[in-house]
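The values are calculated or read from the model by the stated rules, or taken from the named source; none is laboratory data. These numbers come from a predicted model, not from an experiment. Note that each Cβ is placed from the backbone with ideal geometry, even for glycine, and that neighbours are counted across all protein chains shown. Heads up: the accessible areas ignore ligands, DNA and RNA and are worked out on the full protein's heavy atoms, side chains in. Shrake-Rupley method; radii C 1.70, N 1.55, O 1.52, S 1.80 Å.
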Amino acid sequence: MEGDFRLLGPIDLLQLLAQGGKTGVFRVEGGEVYLEGGRPVHAAYRGKVGRAALMEILSLREGRFRFLLGERASLTSLEGPLEGYLLEALRLLDEGVEVGPFDLVRPSARAQGATLEPAEHALLQTLGEGKSPLDLLPATGLPLKEVLRRLGRLARLRLVEVLPRVPHTARLRVALGARGAQVDALLLAAWRAHYGGFLRVRVRGRAEAALGVEGAEGLGVELRLAPELLLFHGLRVGEEVLVWPEV
């Protein structure tokens, strides 16, 4: 088997070889990874050996590869299943698939039977037939930043499909804040990346208001309002409201 990384990268190819229980050597320019029954036993790349070499090979974005079935390593520099190394590589890679707060994310056919950390397995189960990261927040209890990071890793493993969607109205819950009006910084960034540098959002609940807004870390599905805004606009803590950019 040989080819290049235009369609599948080294992460995907080595995962396929591991799932097939293959024994042999996966060669790239400047390096190689030996597998025994699908488990990595030795890696070398441009003077590096073992885990460091495997991480370098897994991070390659272009080049050619060749897999020679049946070739065995003369030494051992790696231990444990490939999945652990793949997850470590994905944490180090900056190229992870980006997932937006409003995108539709759904499990792929490859998700069935995948070996994952308990938290990521639970996230897959919560997705059901498909949800946006914002929809997942109440069920997971995780910050939006963490949900996006984990979904990005699952997307890189091709365990979920990401269908980009235009940032739209968000259903948020009113909470008491210290000043002004605040929404999650990542939510605000997604709106501004699409609609430009707007200054205010429209809020519709028991009443409707236009509020100057700023971003804050870790708010998730909360719209935080200072006491004077709550009183002036007739909004209540705990109330669900629709929020969208005023453009």
With contacts defined as alpha carbon pairs under 8 Å and 6 or more residues apart, what's the relative contact order of the range 62-189 in percent? 32
How much length, in nm to one decimal, is gained on full extension between residue 64 and residue 166, taken as 0.36 nm per residue of separation minus their Cα-Cα distance? 33.1 nm
So in the range 170-245, what percent of DSSP beta bridges are antiparallel if you round to the nearest 5? 65
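Around residue 128, what is the net charge, scoring Lys/Arg as +1 and Asp/Glu as -1 over all other residues with Cβ under 13 Å from its Cβ?
Around residue 128, the surrounding residues sum to 0.
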Please work out the ratio of the alpha-carbon Rg of the range 164-203 to 2.2 N^0.38 Å and round it to two decimals. 1.23
Taking the DSSP beta bridges in the chain as the whole, what percent of them are antiparallel, to the nearest 5? 85
The range 1-89 - percent relative contact order, Cα under 8 Å, separation 6 or more: 36
Given Cα pairs under 8 Å that are at least 6 residues apart, what percent is the relative contact order of the range 104-163? 51
Quick one: length gained pulling residue 247 to residue 8 fully straight, 0.36 nm per residue minus the C-alpha distance? 82.0 nm
Straight-line reach from residue 131: which lysines have Cα under 18 Å away, leaving out those fewer than 8 places along the same chain? 145
Kindly report the accessible area of the chain per residue (heavy atoms of protein chains, probe 1.4 Å, no ligands, DNA or RNA), in Å². 52
Tell me whether the range 73-206 comes out rounded, prolate or oblate; compute the Cα gyration tensor, take square roots of the eigenvalues as a ≥ b ≥ c, and use a/c under 1.5 as the rounded threshold. prolate
Can you give the three extents of the C-alpha atoms in the range 133-247 along their principal axes, from longest to shortest, in whole Å? 49, 29, 21
Bins of 5 Å from zero: percent of alpha-carbon pairs in the chain: 1, 6, 13, 14, 13, 11, 9, 8, 7, 5, 5, 4, 2, 1, 0, 0
Write down the percent of antiparallel bridges among all DSSP beta bridges whose residues are both part of the range 14-144, to the nearest 5. 100
